[in-house]
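The values are calculated or read from the model by the stated rules, or taken from the named source; none is laboratory data. As the structure is a prediction and not an experimental result, all values here were calculated from the model. Backbone-built Cβ (ideal geometry, glycine too); neighbour counts: all protein chains shown. The protein model used for the area step is the full one, side chains on, heavy atoms only, and it has no ligands, DNA or RNA in it. Shrake-Rupley method; radii C 1.70, N 1.55, O 1.52, S 1.80 Å.
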Amino acid sequence: MSAEEIKSFIAQSKIDQPATVEEFHQAVKDAYKDRTRQVYFIWRKLKELYPEVDANRVIREGSYDFGLYQGNKIAAKYGGGENVGPKEALLGQTSRGGLLVFEQTIEQLEDDKAVKIFHCCPHVEALTELGLSKEEIKMFCRDMLGHCDYAICEPFVHVNIDFPTTIADGEGHGCAMTITRKKEN
């Protein structure tokens, strides 16, 4: 590629211009989908090369470790996990990119309960594009990738997290991230 071709390519990429909301949305969504595809291909290769290894467990525990890393970052932002209630736990893992890409709506934000609905899931979209069945997608979400979300709340000593419904369940409901305050003993 000549210097002129490189210059032309860079100009066409519009790297020096602000991204539109649509461009930002698509870029973040594509990044999430690529991460999902990468995890899927690692999982599939583990099963192929090392059938004696529980590939589901490897992905589940790696997802959990990633979530714990994220949760500890959120806890530090609030001065420790003991300072995080349902509101802080939900808002601490809510971003502009997430709101756009997962088409999230915050349905409830109280001291004892916070609920966020994901109306879109790039993970499910990516797995569908790869040809996985509905049952495989549900398994991939509930048994592996979803453990990230549970681990995010692990450092928060006063909260529980649950997903009563997910898009991956295939029942037409969004992912209902539900964070509640633990009952005092």
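Worth a mention:
- Some residue of the stretch 10-18 being of a type in the set (Ser, Thr, Tyr) and either at pLDDT 95 or above or in contact with a His (Cβ under 6 Å, 6 or more places away or on another chain) (or both): no
- Condition met for Ile15 (among the β-branched types (Val, Ile, Thr), farther than 19 Å from Phe102 by Cβ and open to solvent by less than 100 Å² (accessible area, probe 1.4 Å)): no
- Just one of (1) open to solvent by 70 Å² or more (accessible area, probe 1.4 Å); (2) in a helix (DSSP H, G or I); (3) of a type in the set (Asp, Glu) fails for Asp30. It is (1).
- Test: residue in the stretch 3-20 that is in contact (Cβ under 8 Å) with a residue 12 or more places away in the chain, of a type outside the set (A, V, I, L, M) and part of a helix (DSSP H, G or I): no
- Test result for Ala55, open to solvent by less than 30 Å² (accessible area, probe 1.4 Å), in contact (Cβ under 8 Å) with a residue 40 or more places away in the chain and under 20 Å from the mean Cα position of the chain (by Cα): no
- Among residues of the stretch 136-161, those that are acidic (Asp, Glu), under 17 Å from the mean Cα position of the chain (by Cα) and over 19 Å from Glu82 (Cα atoms), counted: 1
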